[in-house]
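Right, one structure below, let's go through it.
The values are calculated or read from the model by the stated rules, or taken from the named source; none is laboratory data. Bear in mind the structure is a predicted one, so any value in this text is a computation, not a measurement. Positions of Cβ are backbone-derived with ideal geometry, glycine not excepted, and every protein chain shown enters the neighbour counts.
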Amino acid sequence: MDKYLGQKWLEEHDNETVWNLIDHIPDEELWRVHHSLKVKLIDYIRFRARSRWVEDRASPINIVAGGALLEPYALTIGFARRFASYKRADLIFSDEERLKKIINNRWRPVQIVFAGKAHPADDEGKRILQRVFNFAHDHEMGGRIAFVEDYGELLAQYLVHGADLWLNNPVPPMEACGTSGMKAP
């Protein structure tokens, strides 16, 4: 990006002039960078799944649910934040049959990566997380729903940089400041 934005673009990211230079970056270059970040995301998730298989001797269904079958060419939707009822992480499952057709489309596959935690005192958030986790285990979802455990800053960074689309559908106006969506790709 230095070639298009200058050597100090990260330091001057608030400068309007730098933002205006973005229009000069060729689409192919932006796509190449995005695709490489997406490959890193998928590789990282697969590495974690493989490590769980080797080190923890996790069951095969948990390895698949953890993202072992994710593919870098599929449209990747990300959700990585606290599971709370008003964030409606499970809303995308409201029409299961339609979702199955979308994610299992042979020519235009879609995959969804979930990560996050529920507050220990939030029983509804825990139920939503469990519901998402169960969908990740459903063989009819074709391994295209992943719930990546042990959510932390590194996984969040990979997801934010590598997802094609960010799933953000809170109950209005419950999202206090909108920071969950602000970190989106």
Quiz prompt | Verdict on residue 78 being touching a strand residue (DSSP E or B) at 6+ places or on another chain (Cβ under 8 Å) and part of a helix (DSSP H, G or I) | solution = no
Practice problem: Would you be able to say whether some residue in the stretch 72-81 is among the aromatic types (Phe, Trp, Tyr), exposed (fewer than 15 other Cβ atoms within 10 Å of the Cβ) and in contact (Cβ under 8 Å) with a residue 24 or more places away in the chain? | Solution: yes
Quiz item: Looking at (1) modelled with pLDDT under 90; (2) under 30 Å from residue 120 (Cα atoms), which is the one condition that is false for residue 14?
Solution: (2)
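One line per residue, one yes/no per condition, for (1) more than 19 Å from residue 155 (Cβ to Cβ); (2) buried (at least 17 other Cβ atoms within 10 Å of the Cβ); (3) within 16 Å of the chain's Cα centre (by Cα); (4) hydroxyl-bearing (Ser, Thr, Tyr):
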position: 6; (1), (2), (3), (4): yes, no, no, no
position: 59; (1), (2), (3), (4): yes, no, no, yes
position: 66; (1), (2), (3), (4): no, yes, yes, no
position: 91; (1), (2), (3), (4): yes, no, yes, no
position: 97; (1), (2), (3), (4): yes, no, no, no
Exercise. Confirm whether residue 111 is farther than 30 Å from residue 33 by Cβ, free of Cβ contacts under 8 Å to residues at least 60 places away in the same chain and either part of a strand (DSSP E or B) or among the polar types (S, T, N, Q) (or both).
Key: no
